[in-house]
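The values are calculated or read from the model by the stated rules, or taken from the named source; none is laboratory data. Every value quoted in this text rests on a predicted model; they were computed, and no experiment measured them. Cβ placement follows ideal geometry from the backbone for every residue including glycine, while neighbour counts extend to all protein chains displayed.
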């Protein structure tokens, strides 16, 4: 078995004098004993659970994983506590910890993502009641199929700008990006503010009648029709202006996050709970997406 790396940040960042980890006996726990390791550089001892989601838990890691999976499937904390034989506060603490670690993982891994073809859309849900609709803004880099950013809140200019600002913060624009959205009024203002004329932006307008799409048309907002046709010819995925990829991602998110499923008992009590649930649901989306 390969020894883990030292969790000390000084050892991780050191290139000239890398750490060397050796086995350093065992220590007792409730379910038996666990291996202890020691870094010969900083003399620090640690276990395999150090700086992980299961560090400090007085139970098996399998129980912790089941609690996270049951939450993604839509079970309440009270039901999870009854099934797993733990208290409600323990289940709530574990799920909050899982969401915080998922956020930290996203912030660390989603950096300098090439932005070549971008699509954005929004989902409608409610929290805490149907009288208060809540919107989930999502953006997707089509070439890599990466779910890049998410913003939960009202359908406003501020949240629309926050979505694209976060996408730009995590990404890196390559050439002249192709951006496609629906006809929501604030998209054009935000994209003009953040991208200016250094992009090609098209809107896909759908006409609905009796819950069916009867007409689909596209219009060029930034750029020219010739530039749009050239960008579509060079695209590896899109033959015409569309929002099919982000809409398919939204469907996957609805199926993976219980709070967003239609005609189901679970719903978020507040926007914060919905945000944490989306972070945990991102794990399930990544597992089933191509």
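Working carefully through the options 117, 217, 122, find the one that is under 23 Å from the mean Cα position of the chain (by Cα) and farther than 28 Å from residue 273 by Cα.
Answer to the check: 117.
For segment 221-270, how many residues meet the condition of being on the phi > 0 side of the Ramachandran plot and at pLDDT 90 or above?
Final tally of qualifying residues: 1.
Which pairs have Cβ atoms under 7 Å, sit 6 or more apart or on different chains, and link a residue in segment 106-128 that is assigned by TED's automatic domain parsing to the domain that holds residue 174 and over 17 Å from residue 260 (Cβ atoms) to one that is modelled with pLDDT under 80 and part of a helix (DSSP H, G or I)?
none
Within segment 50-62, can you find the residues that are surrounded by fewer than 16 Cβ atoms within 10 Å (Cβ to Cβ) and touching a helix residue (DSSP H, G or I) at 6+ places or on another chain (Cβ under 9 Å)?
52
For segment 84-122, enumerate the residues that are at negative phi, at pLDDT 85 or above and surrounded by fewer than 13 Cβ atoms within 10 Å (Cβ to Cβ).
Passing the criteria: 87, 89.
State all residues of segment 30-60 that are free of Cβ contacts under 8 Å to residues at least 24 places away in the same chain and under 23 Å from residue 258 (Cβ atoms); if no residue qualifies, say none.
Listed by number, the list is empty, since nothing qualifies.
Any idea which residue in segment 174-195 is modelled with the lowest pLDDT, counting only those that are out of contact with any strand residue (DSSP E or B) (no Cβ under 8 Å at 6 or more places or on another chain) and surrounded by fewer than 21 Cβ atoms within 10 Å (Cβ to Cβ)?
The selected residue is 185.
Any residue in segment 279-286 that is crowded, with 18+ Cβ neighbours inside 10 Å, at pLDDT 75 or above and farther than 16 Å from residue 141 by Cα?
no
Quick check on segment 238-260: of everything there that is under 22 Å from the mean Cα position of the chain (by Cα) and in a loop (DSSP other than H, G, I, E, B), which residue is nearest to residue 178 (Cα to Cα)?
Per the stated criteria, the residue is 243.
Identify all residues within segment 206-225 that are surrounded by fewer than 18 Cβ atoms within 10 Å (Cβ to Cβ) and within 14 Å of residue 176 (Cα to Cα); write none if there are none.
The one that is surrounded by fewer than 18 Cβ atoms within 10 Å (Cβ to Cβ) and within 14 Å of residue 176 (Cα to Cα): 224.
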